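Novice: Right, I'll just put the structure down here and ask away after.
The values are calculated or read from the model by the stated rules, or taken from the named source; none is laboratory data. Predicted, not measured: the structure shown is a model, and the values here were computed from it. Note that each Cβ is placed from the backbone with ideal geometry, even for glycine, and that neighbours are counted across all protein chains shown. All accessible areas refer to the heavy atoms of the entire protein, side chains included, with ligands and DNA or RNA removed. Shrake-Rupley method; radii C 1.70, N 1.55, O 1.52, S 1.80 Å.
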Amino acid sequence: MSISPLLSGNVARNCHPVGCQAYVQQQVDYINSLPKLQTIKNVLIIGGSSGFGLASRVALTQSCHSNSLSVSMERGPSEKGMGSAGWYNNVFAKQQAEALGLRSDNIIADAFSLETMQSTVDYFKANYAGKIDLVIYSLASGKRIDGEQTWFSCLKTAEQTMHGYSLNLETDSLTPDQVGPASQDELEATAKVMGGEPWLQWIEVLANADLLNSGCKTLAFSYIGPELTAPIYRDGSIGFAKQNLHLHAGLINTKFRDLSIQAMPCVAKALVTKASVFIPVMSPYIAALYDVMKHKELHEETIQQAYRLLSEHLFPKSGEAQLDDEGCLRIDDWELREDVQAQVNKQLDGLSPENFKQRLDYQGYKQSFLQLNGFGFEHIDYSSELDSQWLAQLRP
Ligand code: NAD
Ligand code: NA
């Protein structure tokens, strides 16, 4: 059996295991081309199978010699198909860590459930030496189930309908799109899913089990973005949830002062991930940003962001984490540079379905998306048969 990419809209319906291995390997190779960083013994990553969580895990493993326990929700291969890219990312991230003699495990379970939090504690106690030094919270989800209740997050504006365009990866086109306002209930539900309550719950469960080292750091990924995307992001339902996330950093810091826990939102740059391609009217901005930042040699993917986060912002040589006035790590600093934003605005002004391939780095945007699912690697022969014996022995 050979596999080629299947897209419906902006959803990948399949993935390529050999390509997922290449995707993880590419991240490993990048980190190994850079100076090693200080040792961070044990890390817990909630959402470590893809995007920012995976990149952080790879960077920590390769550069900080960290043992890593990751919790994620992914599908393995079955009669129904190959499973999800994140499942393979877990397999290869673990392999890469074990090759260095490190402990690395994947818990596949719902990170919003208290039972998962408790079983993660039990697993850590049974299998790891010492306590946890860093907790990374990197979930992106459309829903959260908590006991009897289920909340759904939405991607809408707060008040006005926003008109714009979205990129369609299936048809390689730019199509008019619009997003309307969220109701108060929708705003609150989005904050329940993408806000900070489960982050705080995780820290409570870990602290109650006495698993956090004094001085343990914890960060949650966030986004703010420029004026241009404010109606759909910063001021919209997802921005409302991010405010809730930032609020919870403060709550964690206050509640666990005695343990010297340091909680920080980490504001990252906009890039293509499984989650971000869903945000309506946002994709032309991201594809323009790719073009501008590549021309200025400032372009970063998740792994470049993860290394810069660790080396310059979270564990800089000077010792203390580098935070802004609001207590956030800011790895969106290059995205928000004035010259970058001015050029992005210029390229988006007058954007149309006819000129978008000249104005945006559509090619690069799509390539990044394909690679998230193990496609689009030049050195892989996608027409060749998958080795079923090799596949059958993969373990997350
Ligand atoms: P992603 O989809 O690549 O990763 C999401 C992770 O969450 C995966 O590991 C997935 O398995 C896990 N997950 C989702 N639901 C789960 C559940 N119920 N139980 C266990 N695991 C679950 O997304 P991403 O883009 O890396 O997003 C991570 C964070 O980074 C989000 O908070 C996002 O807002 C933030 N962020 C993203 C961007 C961007 O441009 N992509 C920019 C800045 C910040
Ligand atoms: Na992630």
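Novice: How are the Cα pair distances of the chain distributed, in percent, across 20 Å bins from 0?
Specialist: 27, 61, 11
Novice: Further, regarding this structure: With just the Cα atoms defining each centre, how far is the stretch 1-79 from the stretch 216-253? Give it in Å.
Specialist: Measuring centre to centre over Cα atoms gives 24 Å.
Novice: Something else now. Would you mind telling me the antiparallel percentage of the DSSP bridges in the stretch 54-182, rounded to 5?
Specialist: Roughly 65 percent of the DSSP beta bridges within the stretch 54-182 come out antiparallel.
Novice: So, one more: Determine the relative contact order of the stretch 7-392: mean sequence separation of Cα pairs under 8 Å and six or more apart, normalised by residue count, in whole percent.
Specialist: Relative contact order, the stretch 7-392: 18 percent.
Novice: Carbon and sulfur: what percent of the stretch 7-392's accessible surface (1.4 Å probe)?
Specialist: C and S atoms contribute 49 percent here.
Novice: Taking the mean number of other Cβ atoms within 10 Å as a proxy for protection, how do you rank 41-49, 22-30 from highest to lowest? Working shown, then result.
Specialist: Values: 41-49: 25.0, 22-30: 19.2.
Ranking the peptides 41-49, 22-30 by packing returns 41-49, 22-30.
Novice: Let me ask something else. Rounded to the nearest 0.05, what FRET efficiency is calculated for LEU386 and THR39 with R0 set to 51 Å and r the Cβ-Cβ distance? Provide the component values of the computation, followed by the final result.
Specialist: On the way: r = 38 Å, r/R0 = 0.74.
The value I calculate is 0.85.
Novice: Does a label point 7 Å from the Cα of LEU114, set along Cα-to-beta-carbon, have any residues of the stretch 135-157 with amide nitrogen under 19 Å, and which are they?
Specialist: 144-151
Novice: Please work out the average accessible area per residue across the chain, using the 1.4 Å probe convention, and give it in Å². It would help to have the intermediate numbers written out before the result.
Specialist: Working: 17190 Å² over 396 residues.
Value returned for the chain: 43 Å² of accessible area per residue.
Novice: Quick check: pseudo-label points 7 Å beyond the Cα along Cα→Cβ at LYS296 and ARG13, how many nm apart are they?
Specialist: Each label point is offset 7 Å from its Cα along the Cβ direction, giving 3.9 nm.
Novice: Okay, helix-only estimate at 222 nm for the chain: each DSSP H run of n ≥ 4 adds -39500 (n - 2.57), divide by all residues, round to 500 deg cm²/dmol; what do you get?
Specialist: -11500 deg cm²/dmol
Novice: In what sequence, highest mean first, do 381-388, 100-107 appear when ranked by Cβ atoms within 10 angstrom?
Specialist: So the order, starting with the most tightly packed, is 100-107, 381-388.
Novice: Mind checking which aspartates and glutamates have their Cα closer than 13 Å to the Cα of LYS269? Skip sequence neighbours fewer than 8 apart in that chain.
Specialist: The reachable aspartates and glutamates, counting only those whose Cα sits under 13 Å from LYS269, are GLU300, GLU301, ASP332, ASP333, GLU335.
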